[in-house]
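See structure below.
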Amino acid sequence: MVSTADFEYNFKSLYKPLCLFSLQFQGAAEDAEDIVQQAFADVWEKIRAGETILNLKAYLFQAVRNRSLSLASHAPLYETTEQLPDKPDLEPDEQIALAERDARLWSAIDRLPPERRRIFLLSKRDGMKYQEIADLLHISIKTVENQMSKALKTLRDTAIRIYMFFFG
């Protein structure tokens with residue numbers, strides 16, 4: 001039987017990777033979060049009912065995948081003739097690894113100081129140029145450059161630590 005503390009630990013460690021995994025099948029982050037929350041609720045009910053789940057992580061990824069695909073197949077078709085970008089077909093293990101890597105990256109971004117994180121996201125997520133960021137935030141372009149440099153160094157250092165943990 002899984003304890004409440006074990007379940008909470010799994011929720012905290014798997015929530016982001018599962019959301020990113022679901023997002024590969026869903027168009028909206030809110031839908032992906034709903035799917036993951038429902039998967040955790042379903043698993044909790046099964047555990048409380050006395051069912052044994054041998055590999056909780058694998059079970060959750062499969063449940064999220066199934067629910068995501070099911071909901072995606074019932075979604076209305078796009079009313080545009082625009083092509084959706086092709087995604088490479090990945091094996092389920094590769095999809096899980098990619099989602100976990102993305103979750104670690106977003107966790108590292110979340111740990112950046114607030115102003116540095118904001119500058120980084122404006123640049124990398126929103127595609128703004130350094131001068132545009134400087135104008136928007138009323139700071140010098142040199143400040144933007146310095147903050148971006150520090151953010152990238154921190155993220156590189158985090159990536160190296162993660163790599164060394166697994167392969168060192």
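Every residue, every condition in (1) among the small types (Gly, Ala, Ser); (2) under 29 Å from LEU152 (Cβ atoms); (3) in the same structural domain as ARG125 (by TED's automatic domain parsing); (4) modelled with pLDDT of 85 or more, yes or no:
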site: GLN24; (1), (2), (3), (4): no, yes, no, no
site: GLY27; (1), (2), (3), (4): yes, no, no, no
site: LEU84; (1), (2), (3), (4): no, no, no, no
site: LEU90; (1), (2), (3), (4): no, yes, no, no
site: ILE96; (1), (2), (3), (4): no, yes, no, no
site: ARG101; (1), (2), (3), (4): no, yes, no, no
site: LEU105; (1), (2), (3), (4): no, yes, no, no
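Let's see how each residue does on (1) exposed (fewer than 14 other Cβ atoms within 10 Å of the Cβ); (2) closer than 19 Å to PRO92 by Cα; (3) more than 19 Å from the chain's Cα centre (by Cα):
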position	(1), (2), (3)
TYR9	yes, no, no
LYS16	no, yes, no
VAL36	no, yes, no
GLU45	yes, no, yes
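For the stretch 97-116, name all the residues that are in contact with a helix residue (DSSP H, G or I) (Cβ under 6 Å, 6 or more places away or on another chain) and over 25 Å from LYS57 (Cα atoms). Once the filter is applied, which keeps residues that are in contact with a helix residue (DSSP H, G or I) (Cβ under 6 Å, 6 or more places away or on another chain) and over 25 Å from LYS57 (Cα atoms), the stretch 97-116 yields LEU112, ARG116.
Only a single criterion out of (1) in contact with a Ser or Thr (Cβ under 9 Å, 6 or more places away or on another chain); (2) surrounded by 14 or more Cβ atoms within 10 Å (Cβ to Cβ); (3) within 20 Å of GLN24 (Cα to Cα); (4) not charged (D, E, K, R) is not satisfied by GLN95, namely (1). Here is a check on your reading of the model: is PHE120 closer than 28 Å to LYS12 by Cβ, at pLDDT 75 or above, outside the structural domain of SER22 (by TED's automatic domain parsing) and of a type in the set (Phe, Trp, Tyr)? Judged against the criteria, PHE120 is a match.
Pairs linking a residue in the stretch 52-66 that is surrounded by 13 or more Cβ atoms within 10 Å (Cβ to Cβ) to a residue that is outside any helix (DSSP H, G or I), with Cβ atoms under 6 Å and 6 or more positions apart or on different chains, are TYR59/ILE53.
Of the residues in the stretch 126-133, none is among the aliphatic types (A, V, I, L, M), under 30 Å from PHE11 (Cβ atoms) and at pLDDT 75 or above.
The values are calculated or read from the model by the stated rules, or taken from the named source; none is laboratory data. On a predicted model such as this, the values are computed, not experimentally measured, just so you know. Methodologically, a virtual Cβ is constructed for each residue, glycine included, from the backbone with ideal geometry; neighbour enumeration extends over all protein chains shown.
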